[in-house]
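The values are calculated or read from the model by the stated rules, or taken from the named source; none is laboratory data. Remember, predicted model here, so these are calculated numbers, not experimental data. Reconstructed Cβ throughout: ideal geometry from the backbone, glycine too, with neighbour counts over all protein chains shown. These area figures cover heavy atoms from the full protein model, side chains too; ligands, DNA and RNA do not enter into them. Shrake-Rupley method; radii C 1.70, N 1.55, O 1.52, S 1.80 Å.
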Amino acid sequence: MKIVLLTAIGVGGATVLGAVIGFVFKNISHRFSDIVLAFAAGVMLGAALLGLILPSLEYGGKLGAVTTVGGIFSGAALISVLDRLVPHLHATFGHQDSTADRGRLDKVILFVLAIAIHNLPEGIAAGVGFGSGNTENAIFIAFGIALQNIPEGMVIISPMLLAGVPPKRTFLVAALTGAVEVVGTLFGYFAVSVSSALLPFSLAFAGGTMLYVISDEMIPDTHADGAERGATYALLAGFSLMLLL
């Protein structure tokens, strides 16, 4: 349990670390942001496939493929529903105009809320990994999620500052989005610990949520400002890093 708690804090703390970097480098260009987020997408893709979906197949037994596919689509469906409940996520994910306009605050709040919503299933994914009893694989998943949380924390800062949010409050909000992952990690761990029969489905469910975010939001947004080729290679680099690990 101790290692689960420490990992949960580490996964959430990576967002805070990204926020600190975001304060240091406030004026991040769209191109650089695209490349960094694409690298994070590649890391998430590796963690989802290697750490969640393939183990789901292994633990699933005779009906492993059916359970895994069902879990993937269920996870994706959940995030799709959340997207509908929080409008205009795509227009705000990762990019904001450089004009400081107080009227954009509502849009920034949606952006931060989108980050928080997506952090919950990421935390659950880390917790589910530990629930499998395979600590090495669980740490691999958590490391991948933490690695992609750093640029995610970075991109929260600039839009909020430009919208007129005070620096202390901006940092607090970034920290709260990281705290969501801590809660998700503990929830995922205890949910699977209660019933091992849920493990194959839970692994695939967590993987499906991550695949949805990568395909529906991260890849389109990192290809929207003319950095498509750089973003593509950055995604491949992130995925390859997880393969090497």
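Quick notes on this one:
- When the charge dipole of the chain is built from unit charges on Cβ atoms (+1 for Lys and Arg, -1 for Asp and Glu) and taken about the Cα centre, the candidate among TYR212, ASN149, VAL20 whose Cα reaches farthest toward its positive end is VAL20.
- Matching the structure-derived Cα Rg over 2.2 N^0.38 Å against the labelled list (i) 0.97; (ii) 1.59; (iii) 1.33 gives the label (i).
- Here the extension length gained between ALA224 and LEU241 equals 3.7 nm, from 0.36 nm per residue of separation less the Cα-Cα distance.
- The modelled label-to-label distance for the pair ALA65/SER29, using points 7 Å beyond Cα in the direction of Cβ, is 4.7 nm.
- Shown are LYS168, LYS2, LYS62, whose ranking by accessible area with a 1.4 Å probe and every protein chain present, most to least, is LYS62, LYS168, LYS2.
- In the elastic network of the chain, a GNM with C-alpha springs shorter than 10 Å, the most mobile of GLY226, GLY12, GLY71 is GLY226.
- The order of TYR212, TYR233 by accessible area, most exposed first and with a 1.4 Å probe, is TYR233, TYR212.
- Gain upon complete extension [ALA175, ALA197; 0.36 nm per residue less C-alpha separation]: 4.5 nm
- In segment 5-53, the convex hull through the Cα atoms has an average projected area of 4.1 nm², a quarter of its surface area.
- Listed residues ALA47, ALA116, ILE79: farthest to the positive end of the dipole of the chain (Cβ charges): ALA116
- In this label model, THR135 and VAL20 are separated by 2.7 nm, measuring between points 7 Å along each Cα→Cβ vector.
- Order of exposure, largest accessible area first, which applies to ASP34, ASP221, ASP216 with probe 1.4 Å: ASP216, ASP221, ASP34
- Cβ charges +1 (Lys, Arg) and -1 (Asp, Glu), total dipole of the chain, debye: 400 debye
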